[in-house]
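Chemist: Below you'll find the structure I mean.
The values are calculated or read from the model by the stated rules, or taken from the named source; none is laboratory data. Remember, predicted model here, so these are calculated numbers, not experimental data. Here the Cβ positions follow ideal geometry from the backbone for every residue, glycine too, while neighbour counts run over all protein chains shown.
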Amino acid sequence: MATHGILQKPKMSFWQIFHMSFGFLGIQFGFALQTGNASRILQTFGADVEHLSWFWLAAPITGMIVQPIIGHYSDRTWNSLGRRRPYFLTGAILSGLALFFMPNSSMLAAIIPPIVVGAGMLMIMDASFNVAMEPFRALVADNLPDSQHDAGFSMQTCLIGVGAVIGSWLPYVFANWLGIAKTAAPGHVPNNLLFSFYAGGIVLIASILWTVFKTKEYPPEEYAKFHEAEPKGKEKKSGIAEIISDLANMPKAMKQLGLVQFFSWFALFSMWVFTTPAIADHVYHIPANDTSSVTYNNAGNWVGVLFGIYNAVSAIYALLLPKIVRYSSRKKTHAFSLTMGGLGLISIFFIQNDYLLILPMVGIGLAWGSILAMPYAILSSTIPAKKIGVYMGIFNFFITFPQIVNGIIGGPIVKYFYNGHAIYALVVAGVFMFLAALSVLRVEDGKEIQIIETA
């Protein structure tokens, strides 16, 4: 079928979409290990609770710089591996190496303080995740017709959830089921965490290779059949100049989504940075800097289990999202999900039993599943096809900027306003989720796409 001479992309089967998205399982396996354990590792190397958000700043800053550049150049790349695949393969290899080295930062203690090495590895790891992640988003928009975008991003979210569950639970499984040591000498990372990070690096690289070998991309001449040609005589700009121009001319819906993303990711950053010290203090009633005790490491391992639960919920929810959107709308679905996340975060304050902490994770899982799918589904229908990569990268500004703001002010607020009690950072995160839910209702979803389930 053609519209004004432009062909419609053929629909892809369930398994084609699965293979195309499978690499995200490995990326999120590694990302879950980072989000669930980076604060714990940095505290082991000597970081204070109020300084954790500053160490985490390296991650969003590198993402803000790297993603638009990767997106811009992936739009213009074609070689024997394709258009997007060279980038997420490179990112996977670098991420895997960072996962191997971060928990072993103490090995270089004689030369460089472990906390410096650990923070550096966190920066490299997150930059590498960014190199791998956004080309995956663009790949969905490249290969799928508009009517399957929701199904494609939902599949990615489902596999993200599966990978995150495994990554989040692995330290607990190694320690409690396999008997691997969960404590270590002061300044050293326990073996259960070491082996988890090693496994994360292997799984990440293997899953990316699966997608690289199982997925094809449209070569330039075929890709051009599905999209309008650029106007002749249009002045070519340099990479940075064009990124700046695209930033200034972003679609209206993208700007509106920016506010939603700010509130959402401010909340998520607080959750990732402060959940372990918050639960150690508020539920286990031990000093958050008592990092070598059995109780503290039990709290850290349990946080990994909780994070795995919210990711499991998000994986299941992702499969239901296309059907929910069919009977509602993208905006309403996302608003509901964010509201549930806000309720989940705030309810942690009222819980003193570690097993009851499972309940808030259900609401947080609904929010996370929607955050990983709905904004991208809305965005992909509003941006020019030839600029999908760069706009997906620019869209990352709205993810990294709130994390940078939170990273700068979050630690001092915990220290001076919350008297070192990180639980209040989670309560405020819940409020920000509510603000995100209100903001999404004002977004103009330019194209209401009919949802067609894949076979």
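Chemist: State all residues of the range 98-119 that are crowded, with 17+ Cβ neighbours inside 10 Å and either of a type in the set (A, V, I, L, M) or within 23 Å of Ile69 (Cβ to Cβ) (or both); if no residue qualifies, say none.
Modeler: To start, the set of residues in the range 98-119 that are crowded, with 17+ Cβ neighbours inside 10 Å comprises 98-99, 101-106, 114-115, 117-119.
Ala98, Leu99, Met102, Ile115, Val117, Ala119 - these are the residues of the range 98-119 that are crowded, with 17+ Cβ neighbours inside 10 Å and either of a type in the set (A, V, I, L, M) or within 23 Å of Ile69 (Cβ to Cβ) (or both).
Chemist: Is there any pair with a first residue in the range 120-135 that is assigned to a helix (DSSP H, G or I) and a second that is acidic (Asp, Glu) whose Cβ atoms are under 9 Å apart and which are 6 or more apart or on different chains, and what are they?
Modeler: Hits for this filter: zero, empty list.
Chemist: Go through (1) β-branched (Val, Ile, Thr); (2) part of a helix (DSSP H, G or I); (3) surrounded by fewer than 23 Cβ atoms within 10 Å (Cβ to Cβ); (4) at pLDDT below 90 one by one and return the number of the condition Ile449 breaks.
Modeler: Among (1) β-branched (Val, Ile, Thr); (2) part of a helix (DSSP H, G or I); (3) surrounded by fewer than 23 Cβ atoms within 10 Å (Cβ to Cβ); (4) at pLDDT below 90, the lone unmet condition for Ile449 is (2).
Chemist: Considering only residues of the range 264-295 that are within 27 Å of the chain's Cα centre (by Cα) and of a type in the set (Gly, Ala, Ser), which is modelled with the lowest pLDDT?
Modeler: The selected residue is Ala288.
Chemist: Looking only at the range 410-427, count how many residues are surrounded by fewer than 22 Cβ atoms within 10 Å (Cβ to Cβ), of a type in the set (A, V, I, L, M) and touching a residue at least 24 places away in the same chain (Cβ under 8 Å).
Modeler: Our first condition is that a residue be surrounded by fewer than 22 Cβ atoms within 10 Å (Cβ to Cβ); within the range 410-427, this holds for 412-413, 415-421, 423-424, 427.
From what is left, the residues that are of a type in the set (A, V, I, L, M) are 413, 423, 427.
Subsequent filtering for residues that are touching a residue at least 24 places away in the same chain (Cβ under 8 Å) retains 423, 427.
So the answer is 2.
Chemist: Name the residue that is nearest to Phe55 (Cα to Cα), counting only residues in the range 264-291 that are among the hydrophobic types (A, V, I, L, M, F, W, C) and in contact with a Ser or Thr (Cβ under 6 Å, 6 or more places away or on another chain). Spell out the reasoning first.
Modeler: Filtering the range 264-291 for residues among the hydrophobic types (A, V, I, L, M, F, W, C) gives 265-269, 271-274, 278-280, 283, 286, 288.
Next cut, in contact with a Ser or Thr (Cβ under 6 Å, 6 or more places away or on another chain) only: 272-273, 286.
On the way: Trp272: 13, Val273: 10, Ile286: 23 Å.
Ranking the candidates gives Val273 first.
Chemist: In the range 165-194, which residue that is more than 16 Å from Gly30 (Cβ to Cβ) and among the hydroxyl-bearing types (Ser, Thr, Tyr) is modelled with the highest pLDDT?
Modeler: Once the filter is applied, the top-ranked residue is Tyr172.
Chemist: Looking at the range 332-369, which of its residues are more than 20 Å from the chain's Cα centre (by Cα) and crowded, with 24+ Cβ neighbours inside 10 Å?
Modeler: Correct list: Ile348 only.
Chemist: Filter the range 376-403 down to the residues that are aliphatic (A, V, I, L, M), buried (at least 20 other Cβ atoms within 10 Å of the Cβ) and assigned to a helix (DSSP H, G or I) and list them by number.
Modeler: Of the range 376-403, the ones aliphatic (A, V, I, L, M) are 377-379, 383, 385, 388, 390, 392, 394, 399.
With the extra rule that they be buried (at least 20 other Cβ atoms within 10 Å of the Cβ), the set shrinks to 377-379, 383, 388, 390, 392, 394, 399.
Matches in the range 376-403: Ala377, Ile378, Leu379, Ile388, Val390, Met392, Ile394, Ile399.
Chemist: Quick check: is even one residue across the range 195-216 part of a loop (DSSP other than H, G, I, E, B), among the aromatic types (Phe, Trp, Tyr) and either at pLDDT 75 or above or closer than 30 Å to Gly300 by Cβ (or both)? First the steps, then the outcome.
Modeler: Narrowing the range 195-216 to residues part of a loop (DSSP other than H, G, I, E, B): 215-216.
Applying the additional criterion that residues be among the aromatic types (Phe, Trp, Tyr) yields none.
No, because not a single residue in the range 195-216 is part of a loop (DSSP other than H, G, I, E, B), among the aromatic types (Phe, Trp, Tyr) and either at pLDDT 75 or above or closer than 30 Å to Gly300 by Cβ (or both).
Chemist: Given the condition assigned to a helix (DSSP H, G or I), out of contact with any helix residue (DSSP H, G or I) (no Cβ under 6 Å at 6 or more places or on another chain) and farther than 23 Å from Gly152 by Cα, answer yes or no: does some residue in the range 361-371 qualify? Steps first, please.
Modeler: In the first step, residues of the range 361-371 are kept if they are assigned to a helix (DSSP H, G or I); the result is 361-371.
Subset that is out of contact with any helix residue (DSSP H, G or I) (no Cβ under 6 Å at 6 or more places or on another chain): none.
No, the range 361-371 has no match at all.
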